[in-house]
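Each remark here refers to the structure printed beneath this line.
The values are calculated or read from the model by the stated rules, or taken from the named source; none is laboratory data. Treat the numbers as computed from the prediction; the structure is a model and nothing was measured. Don't worry about glycine lacking a Cβ; one is built from the backbone with ideal geometry, like all the others, and counts go over all protein chains shown. Accessible surface areas use protein heavy atoms only, side chains included; no ligands, DNA or RNA. Shrake-Rupley method; radii C 1.70, N 1.55, O 1.52, S 1.80 Å.
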Amino acid sequence: MNRLQDRVAVVTGAGSGIGLATARRLSSEGARVVCADIDEQAGKAAAEATGGLFVHVDVTDEAAVRRMYEEAHAAYGRIDIAFNNAGISPPDDDSILTTGLDAWRRVQEVNLTSVFLCCKYVIPYMQRQGKGSIINTASFVAVMGAATSQISYTASKGGVLAMSRELGVQFAREGIRVNALCPGPVNTPLLKELFAKDPERAARRLVHVPAGRFAEPEEIASAVAFLAGDDSSFVNAAEFLVDGGIAGAYVTPE
Ligand code: NAD
């Protein structure tokens, strides 16, 4: 299906995981994809795989974010979809009792300030077009608490959720939709490695997932494709959970 024919999408964090799967999916639906990443090798590989354009960006750098959209617009003449997805979850972001200010600030910068910058600089393009879809990657931890805390990560995703809602409301009458995507845990290489080493850690989490497994990146990408295109034309300012039922669960099946 070519539901995104001739749409132009900018994907941050396109080099890996959810971003990579989404760049592939959007391109398979006909979109021209700008693959932005701080990791040059991974970003270039994503651009090659999707026939798109690689833009090197550190999403915490204001000038670089502005340039990313300038390059996208110069190459393709419009920007229809912004998937603001780059994010980190480093091991030194842990319990509030042990997490230092440096780790707190780094995670806030990469996960939250980046989304502020990406929205700030893409919205004017969409205003001129009178149309656009912004999808910001939050997380299911923005809507529920975990005793296995990553305190700055959780707070950053709560910020992404609230900011997305507000922007969706503010710009609704200009044809711009802004939604927060809230994935549950996803089978990315990092998670696989971590849980292969420590099956107990995986089991502690899996018991809370009604689906009984983690998501595959492609299952998150298909939700992004829906939010990006006109099939979701009345979905705005939403907390879009793609979590296998985690946030709705009390007791899960045995
Ligand atoms: P990933 O580590 O596989 O990919 C993240 C990409 O972002 C990498 O290519 C990395 O190079 C890039 N990146 C990191 N810092 C950057 C920066 N400063 N500037 C530009 N690019 C940068 O991660 P993922 O699991 O695919 O996660 C993607 C998003 O989904 C993140 O926002 C993450 O918080 C969120 N998320 C992930 C999960 C999960 O279980 N994997 C669950 C919920 C939400």
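One residue is enough: does the stretch 230-237 have a residue meeting the conditions under 18 Å from M144 (Cα atoms) and of a type in the set (G, A, S)? The answer is no; no qualifying residue exists. A single entry from A74, A31 fulfils the requirement of being surrounded by 17 or more Cβ atoms within 10 Å (Cβ to Cβ), within 26 Å of R177 (Cβ to Cβ) and aliphatic (A, V, I, L, M): A31. Looking across the stretch 1-12 at every residue that is in contact with a Lys or Arg (Cβ under 8 Å, 6 or more places away or on another chain) and not in a loop (DSSP other than H, G, I, E, B), the one that is surrounded by the fewest Cβ atoms within 10 Å (Cβ to Cβ) is identified as V8. Going through D6, D93, D80 one at a time, which residue ends up being closer than 26 Å to Q150 by Cα and among the charged types (D, E, K, R)? Every option except D93 fails the conditions. With respect to the conditions (1) touching a Leu at 6+ places or on another chain (Cβ under 6 Å); (2) modelled with pLDDT under 95, V65 falls short on a single one, namely (2). Annotation note: Cβ proximity below 8 Å between a residue of the stretch 143-170 that is within 18 Å of G87 (Cα to Cα) and open to solvent by 30 Å² or more (accessible area, probe 1.4 Å) and a residue that is more than 12 Å from the ligand (Cβ to nearest atom) and charged (D, E, K, R) (sequence gap 6+ or interchain) occurs for V143/E239; S149/D94; Q150/D94; I151/D94. For the stretch 185-234, a residue qualifies if it is within 11 Å of the ligand (Cβ to nearest atom) and either open to solvent by 50 Å² or more (accessible area, probe 1.4 Å) or touching a Leu at 6+ places or on another chain (Cβ under 6 Å) (or both), and the qualifying residues are P189, L190, K192, L194, R205, E216.
Counted as qualifying within the stretch 13-131 are the strands (runs of 3 or more DSSP E) with 1 or more residues that are more than 13 Å from the ligand (Cβ to nearest atom) and free of Cβ contacts under 8 Å to residues at least 24 places away in the same chain, namely 53-56. Among the residues making up the stretch 194-235, a single one is of a type in the set (D, E), part of a helix (DSSP H, G or I) and over 25 Å from N84 (Cα atoms): E200.
The single residue among G77, G100 that is of a type outside the set (S, T, Y) and on the phi > 0 side of the Ramachandran plot turns out to be G77.
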